Amino acid sequence: MTHDTTHPLDDRNTDPKQIASEAAAQIAEKTGVAKHDIALTLGSGWAKAADLIGETVAEFPATEVTGFSKPAVEGHVGTIRSIRTASGQHALVIGARTHYYEDHGVRRVVHSVRTAAATGARIMVLTNGAGGLKESWQPGTPVLINDHINLTATSPLEGATFIDLTDLYSARLRDLARTVEPSLDEGVYVQFRGPHYETPAEVQMAGRMGGQIVGMSTALEAIAAREAGMEVIGFSLITNLAAGLGEPLSHAEVIAAGKDAEPVISKLLADVVNTITKD
Ligand code: 8IG
């Protein structure tokens, strides 16, 4: 376990929401934007959306903000951007994600979501690259997440915090997304710990449990967003058929599928954000 004892979120005596408030105050200061309306976490394949959402007001490395960790994986951009949407709302785009498999603990995984909430954002847009269980989903297909199964055996919630997760992935926002792209399919996202991909048997298990998407990120973030009172919408870019359903997986091919799909899905995401923030 890599352990950095000087990191504020590793100190069990600190309140992670307090650290998130400090981070949000730094973001307000750096951007000159007192309150953001919507926040996005851009996973692999989605980074170009940041260029299409609106006019960039400020951009800086996430590591300049309290609590954010260095990105571990190539292909994951490490900046925070403040963007003015067409209607004049403010979008906070977080290009730095800490994965649970990095072993820094779940507090660091959800720090970006808690910070987004502390900047004022009421809507959290979570995106990722993932494997698909439906043969009809060609690599490069974007799908909406309509629910999740959390197989990480952990939670971002601390203590006896009982949070209802019915309708975690907002039906209202999914309907709005389908006004932009009526053909958008949706499925249940199954979060595994990773960093290894699933065995074929695990993929079969995920399918029998009711899952159609396998990934390593979004469920824990969605739970933290709901705890913070945000409305959540989640998108997976299906970059590969899940293990055992197609060819063996290579990280290089996964990245390549994401790159090819990037212009199309980035436009989709930008249009969805501008629809959500229309009025
Ligand atoms: I990109 O097939 C991507 N991320 N767990 N399984 C899991 N995560 C992924 C996959 C996959 N593809």
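Quick notes on this structure:
- Bridge orientation summary for the chain: considering DSSP beta bridges with both residues in this region, about 40 percent are antiparallel.
- Between 61, 182, 16, the GNM of the chain built on Cα springs shorter than 10 angstrom shows 182 fluctuating the most.
- Counting 0.36 nm for each residue step from residue 166 to residue 178 and taking away their Cα separation leaves a gain of 2.3 nm.
- Cα gyration tensor category, rounded, prolate or oblate, for the range 165-279 with a/c compared to 1.5: oblate
- A helix-only calculation puts the chain at -9500 deg cm²/dmol for mean residue ellipticity at 222 nm, using -39500 (n - 2.57) for each DSSP H run of at least four residues, averaged over all residues.
- FRET efficiency for residue 185 and residue 208, using Cβ-Cβ distance with R0 set to 22 Å, rounded to 0.05: 0.65
- Relative packing of 265-275, 110-120, which averages over residues the other C-beta atoms within 10 Å, highest first: 110-120, 265-275
- Taking 0.36 nm per residue of separation and subtracting the current Cα-Cα distance, fully stretching the chain between residue 11 and residue 201 would add 64.6 nm.
- Equivalent ellipsoid, the range 1-123 (semi-axes from 5 times Cα gyration tensor eigenvalues, Å): 24, 17, 11
- Given a 1.4 Å probe and the protein chains as shown, residue 22 ends up with an accessible area of around 80 Å².
- The listed peptides 85-96, 132-143, ordered by packing as a protection proxy, come out as 85-96, 132-143 (highest mean of other Cβ atoms within 10 Å first).
- Reachable lysines, given that their alpha-carbon falls under 28 Å from the alpha-carbon of residue 267 and they are not under 8 places away in the same chain: 30, 35, 48, 70, 134, 259, 278
- Each Cα pair under 8 Å and six or more residues apart adds its separation to the average, and for the chain the resulting relative contact order is 25 percent.
- Distance between the 7 Å Cα→Cβ label points at residue 259 and residue 245: 2.5 nm.
- Heavy-atom accessible area per residue - the chain, 1.4 Å, Å²: 42 Å²
- Accessible area of the range 174-257 belonging to carbon and sulfur atoms, whole % at 1.4 Å probe: 57 percent
- Charge dipole (Cα centre; +1 on Lys/Arg Cβ, -1 on Asp/Glu Cβ; no other charges) of the range 16-65 amounts to roughly 160 debye.
- Simple label model, 7 Å out from Cα along Cβ direction - residue 149 to residue 136, nm: 2.0 nm
The values are calculated or read from the model by the stated rules, or taken from the named source; none is laboratory data. Treat the numbers as computed from the prediction; the structure is a model and nothing was measured. Counting neighbours? That spans all protein chains shown, and the Cβs are built from the backbone with ideal geometry, glycine included. For accessibility, only protein heavy atoms count, side chains too; no ligands or nucleic acids. Shrake-Rupley method; radii C 1.70, N 1.55, O 1.52, S 1.80 Å.
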